[in-house]
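Okay, structure first, notes after.
Readers should treat all values here as calculations from the given coordinates under stated rules, not as data from a laboratory. These numbers were taken from a predicted model, which means no experiment stands behind them. Here the Cβ positions follow ideal geometry from the backbone for every residue, glycine too, while neighbour counts run over all protein chains shown.
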Amino acid sequence: MPMIEEKEIYREKLEAQIKELEAEINRLNAKFKYLKADTKLAYQKDKKTLQNQLHQAQERVSELQTARTEAWNEVRQGIENALEEIGQSLDSARAKF
């Protein structure tokens with residue numbers, strides 16, 4: 001498979017994963033309105049962290065489109081690390097709330 005096709009398939013896969021993570025964050029945000037005041041304050045920090053991590057992952061997917069073949073693996077690893085961090089943050093937020 002040519003590198004361009006591989007990059008495109010991988011980008012589509014990542015975009016789907018990001019949409020799933022975004023939906024999960026939205027579900028947590030929906031629960032937010034039912035939290036007690038002190039819990040809301042604690043969740044605000046987690047919410048901000050999740051939003052920042054999601055934004056960074058989206059930026060890295062954009063970088064993937066323009067990455068040269070030599071840099072592709074590096075960008076790919078960065079995206080995978082970012083998605084793993086988001087997953088860990090979601091797990092942490094779910095455990096607290």
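Between residue 23 and residue 81, the modelled labels are 2.9 nm apart [label points 7 Å from Cα along Cα→Cβ]. In terms of packing, defined here as the mean over residues of other Cβ atoms within 10 angstrom, the peptides 30-42, 12-24 line up highest first as 12-24, 30-42.
Each of (i) 0.92; (ii) 1.09; (iii) 1.03 is a candidate for Rg/Rh (Cα atoms, Kirkwood Rh); the one calculated from this structure is (ii). For the set 7/96; 13/48; 19/96, the pairs lying more than 27 angstrom apart at their alpha carbons are 7/96. Under 5 Å between amide hydrogens, built in the peptide plane, is the criterion, and for residue 97 it picks out nothing among residues at least 5 positions away or on other chains.
For the pair residue 38 and residue 91, the difference between a 0.36 nm per residue extended length and the Cα-Cα distance amounts to 17.1 nm. Residue-wise HN-Hα couplings along segment 78-83, as the Karplus relation 6.51 cos²θ - 1.76 cosθ + 1.60 with θ = phi - 60° gives them from phi, are x, 5, 4, 5, 4, 5 Hz; Gly and Pro carry x.
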